[in-house]
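Student: For reference, the structure I am asking about is given below.
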Amino acid sequence: MAYKLLKKEGHARRGEFQTVHGTVQTPCFMNVATVAAIKGGLSTVDLKEVGAQVMLCNTYHLHVRPGDDKVFELGGLHKFTNWDRPILTDSGGFQVFSLAKLNKITEEGVTFNSHVDGRKIFMGPEESMKIQSHLASTIAMAFDECVENPAKYQYAKDSCARTLRWLERSKKEMERLNSLPETINKHQMLFGINQGCTFDDLRIEHMKEIAKLDLDGYAIGGLAVGEPKEDMYRIISAVEPYAPENKPRYLMGVGTPGNIIEGVSRGVDLFDCVMPARNARHGQLFTKKGIININNAKYTLDEHPIDDECNCPTCKNFSRAYVRHLLKAGEMLGMRLAVMHNLYFYNNLMTEIRSNIENNSFEDYKNEYCVKLDTRI
């Protein structure tokens, strides 16, 4: 099996996920490199230094530029970015529905205008799979419909049915693509996406249906889009019993350190979020004591590292005062050092979570840090 469950504490799972590009220790945070780069000036060499296991890139953005055909000619994302660990590519579905203008949904797929140059693009399950095959990622996400929250029940139900049909087409197309001699990664994996907005019955029924397809992994999508976090936690708990236990579970686009800890406690294995890099670029930094805004005047003469307990390259070499100065001066180095710290913090958080599950102390860890890490100092 690609996924091996090593230990459980309650619903929290400690596992290993084997891929053609290496084994992922779970629970794991996947670092978001939307256009094959971490915003803030980090390279794949830096990603290794901050403990990253998986890089996440976006199908839609890379299709628009430089073009998935160009990445294919250059040998795929791993060669293109000089990254030899797993890469997950998002299907582009979220961007098609959130960024694109004038999108039109049919049974075949979605027609929309590029947010870059306005040109008309069509994307459906087959097109998304072809793009992701060109990118040669380790894991491809199935093309799904992303419904706005809140949504009417009947529309959400119809959307779930369409997403299931699109998933069946995605699977069939991936199997075809993986069999072609010119395909770079013939072992590309496919994850299906659970939808159903905040309706428990739709979520459960949809998970039951997609589980029958025996995919490589299962994601919970359509959450962390503005709904109360209590609704998100309720949906995860409702869906978890119906997600195959021998496959990794991925909560898409989540979230804060507290969200991640709560997700792990409900049986989630994989996470991704733009938050650590995005917030860092604006001076919001995560520490074991809570969140600090390094732009505040009180840090002007502060010679301490961002976090006294942190071993990231930033904290080992530079002070709060210096990082604050760089950000205030608009120096790119300030963003780079801040992003490096936050990504190290997130990846180290996952290391601590895995260790505590192994030692049967995860519940104590959750009680101590779940609220604290999300609290602004």
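Rule-based calculations on the coordinates, nothing more; no lab input. The shown structure was predicted, so the numbers you read here are calculated from the model rather than taken from an experiment. So basically every Cβ, Gly included, is an ideal-geometry build from the backbone, and we count neighbours across all protein chains shown.
Student: Which of the trypsin sites (Lys or Arg not before Pro) found in segment 108-141 are loop residues per DSSP with 14 or fewer other Cβ atoms within 10 Å of their Cβ? Spell out each step's value before the answer.
Tutor: Details: sites: R119, K120, K130; in loops: R119.
Those satisfying the criteria are R119.
Student: Would you work out the relative contact order for the chain, in percent, from Cα pairs under 8 angstrom that are 6 or more residues apart?
Tutor: Values: 756 pairs, mean separation 66.2, N = 377.
Value for the chain: 18 percent.
Student: By the scheme Lys and Arg +1, Asp and Glu -1, what is the net charge of all other residues having a beta-carbon under 13 Å from that of A36?
Tutor: Numbers: positive: K39, R65, K70, K79; negative: D68, D90.
Summing Lys/Arg as +1 and Asp/Glu as -1 gives +2.
Student: Determine, for K7, K288, K212, the number of other Cβ atoms within 10 Å of each Cβ, and report the residues in order from fewest to most. Please report the intermediate quantities before stating the final value.
Tutor: Numbers: K7 14, K288 17, K212 9.
Fewest-to-most ranking of K7, K288, K212: K212, K7, K288.
Student: Oh, and also: For segment 3-273, take N as its residue count and report Rg(C-alpha) divided by 2.2 N^0.38 Å. Mind showing how you got there, number by number?
Tutor: Numbers: Rg = 17.4 Å, N = 271, 2.2 N^0.38 = 18.5 Å.
After normalising by residue count via 2.2 N^0.38 Å, the value is 0.94.
Student: Further question: Counting pairs of alpha carbon atoms under 8 Å apart in space and at least six apart in sequence, what relative contact order in percent does segment 299-354 give?
Tutor: On the way: 55 pairs, mean separation 16.9, N = 56.
Here the relative contact order equals 30 percent.
Student: Working from the pairwise distances between different alpha carbons, so that the mean of 1/r is found and then inverted, what is segment 280-374's Kirkwood radius in Å?
Tutor: Details: mean 1/r = 0.0724 Å⁻¹.
Computed over Cα pairs of segment 280-374, the Kirkwood hydrodynamic radius comes out at 13.8 Å.
Student: Another question, then. For segment 255-327, state the average projected area of the convex hull of the C-alpha atoms over all orientations, rounded to one decimal in nm².
Tutor: On the way: hull surface 21.1 nm².
Quarter of the Cα hull surface area: 5.3 nm².
Student: Roughly speaking, what is the stretch gain from Q154 to E73, that is 0.36 nm per residue apart minus the C-alpha to C-alpha distance, in nm to one decimal? Please report the intermediate quantities before stating the final value.
Tutor: Working: separation 81, 0.36 × 81 = 29.16 nm, distance 4.39 nm.
Between Q154 and E73, full extension yields an extra 24.8 nm.
Student: With 21 Å as the cut-off, how large is the P(r) tail for segment 227-351, expressed as percent of Cα-Cα pairs? Numbers along the way, then the final one.
Tutor: On the way: 3428 of 7750 pairs.
Tail of P(r) above 21 Å: 44 percent of Cα pairs.
Student: Give the residues of segment 100-141 whose amide nitrogen is closer than 12 Å to a point set 7 Å from the Cα of R65 in the direction of its Cβ.
Tutor: Within reach of a label on R65, which here means backbone N under 12 Å from a point 7 Å along Cα→Cβ, segment 100-141 contributes 115-118.
Student: For segment 155-298, what are the per-bin percents of Cα-Cα distances with bins 10 Å wide, up to the bin holding the maximum?
Tutor: Using 10 Å bins, I get a P(r) of 11, 34, 29, 18, 7, 1, 0 for segment 155-298.
Student: Can I ask one more? How about K298: which lysines have a C-alpha closer than 18 Å to its C-alpha, ignoring those fewer than 8 places off in the same chain?
Tutor: Counting by Cα, and skipping residues close in sequence, K298 has these lysines nearby: K289, K328.
Student: Explain nothing, just the number: dipole magnitude of the chain about its Cα centre with +1 on each Lys and Arg Cβ and -1 on each Asp and Glu Cβ, in debye rounded to the nearest 20. Don't skip to the answer; put the middle values down first.
Tutor: Details: 47 positive and 48 negative charges, 118 e Å.
Roughly 560 debye for the chain.
Student: Give me the dipole magnitude in Debye, nearest 20, for segment 130-176 about the Cα centre, with unit charges on the beta carbon: positive for Lys and Arg, negative for Asp and Glu.
Tutor: Values: 9 positive and 7 negative charges, 34 e Å.
In debye, rounded to 20, segment 130-176 gives about 160.
Student: Moving on to the next point. Could I have the simple spin-label model distance between R376 and N82, label points 7 Å from Cα toward Cβ, reported in nm to one decimal?
Tutor: 3.9 nm
Student: Going by how many other Cβ atoms sit within 10 Å of their own, how do L301, L333, L223 line up, fewest first?
Tutor: Values: L301 10, L333 14, L223 26.
Least crowded to most crowded, the residues run L301, L333, L223.
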